[in-house]
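Bear in mind that the values in this text are calculations on the coordinates, not laboratory data. Predicted model only: the values in this text are computed from it and were never measured. Neighbour counts run over all protein chains shown; Cβ positions are idealised from the backbone, glycine included.
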Amino acid sequence: MEKVLGSDFQWFTDLAGQSGGTARIHSEVDRGTTLCLYLPRHLGNADPVELTEHLPEPTRADENETVLLVDDEPLIRMIAAEALQELDYTVIEAYDGASALKVLNSTQKIDLLITDVGLPGGMNGRQIADAARESRPELRVLFVTGYAEKTVLNHGHLETGMQILTKPFQMDQLGRKVRELIEQ
């Protein structure tokens, strides 16, 4: 069954593994499939959380700042694009590596590439960024990932002008991170 689920099952095992857990799959003909995600239990007391820190509102875009947003999930793309458009960014959307490269290989002005790490079609977000920087060496890149941080890192670090935003995140975090990267 792991072969049928392919990268979807790998996503669950990677997620569990990063937390010190594991994932198991069990399937029976005419009965269905069960996927179990085992995560380690925290044995201590929960630390009290103080919510007194007030983060500043994200800064609005300067005139004509453009973001290329690459994500294969239409809902995520839509929500992120709306949040960025509310901050006055021009947003170009792409759903995979091939569609992103069409934009990146054009003369379209791009101030920042935001790309999910895990994408369909044979190209991950890191590969898109590397290809983009061949023709646009100063392009700023924000990787968005929920599980594959090691895929983005090159020998344990990111190049100048690249950062990671880990899912889940708030839209105001995205706005602040975009502004920070563009201003670098």
Original post:
What is the ratio of the Cα radius of gyration of segment 66-183 to 2.2 N^0.38 Å, where N is its residue count, to two decimals?
Top reply: 0.94
**OP:** For each of 39, 69, 87, 158, count neighbouring Cβ atoms within 10 Å of the residue's Cβ, then give the residues from fewest to most.
**Re:** 39, 158, 87, 69
Subject >> Count, lysine Cα pairs under 26 Å in segment 84-184, 8 or more residues apart or across chains >> reply: 5
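With N set to the residue count of segment 78-145, report its C-alpha Rg divided by 2.2 N^0.38 Å to two decimal places.
After normalising by residue count via 2.2 N^0.38 Å, the value is 1.05.
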**OP:** Give a residue-ordered list of calculated ³J(HN,Hα) values for segment 24-32 (Karplus: 6.51 cos²θ - 1.76 cosθ + 1.60, θ = phi - 60°; whole Hz; x for Gly, Pro).
**Re:** 10, 10, 9, 9, 10, 4, 6, 10, x
Original post:
Given a Förster distance of 25 angstrom, what is the FRET efficiency for residue 28 paired with residue 78, based on the Cβ-Cβ distance and rounded to 0.05?
Top reply: 0.10
Original post:
For the residues 67, 103, what sequence is obtained by ranking on other C-beta atoms within 10 Å, fewest first?
Top reply: 103, 67
**OP:** Scan around residue 144 for amide H atoms under 5 Å from its own, H built in the peptide plane at 1.01 Å from N, and keep only partners 5 or more places away or cross-chain.
**Re:** 115, 116, 117, 165
Subject >> Label-point gap, in nm, between residue 59 and residue 157 - each point 7 angstrom along Cα→Cβ >> reply: 2.6 nm
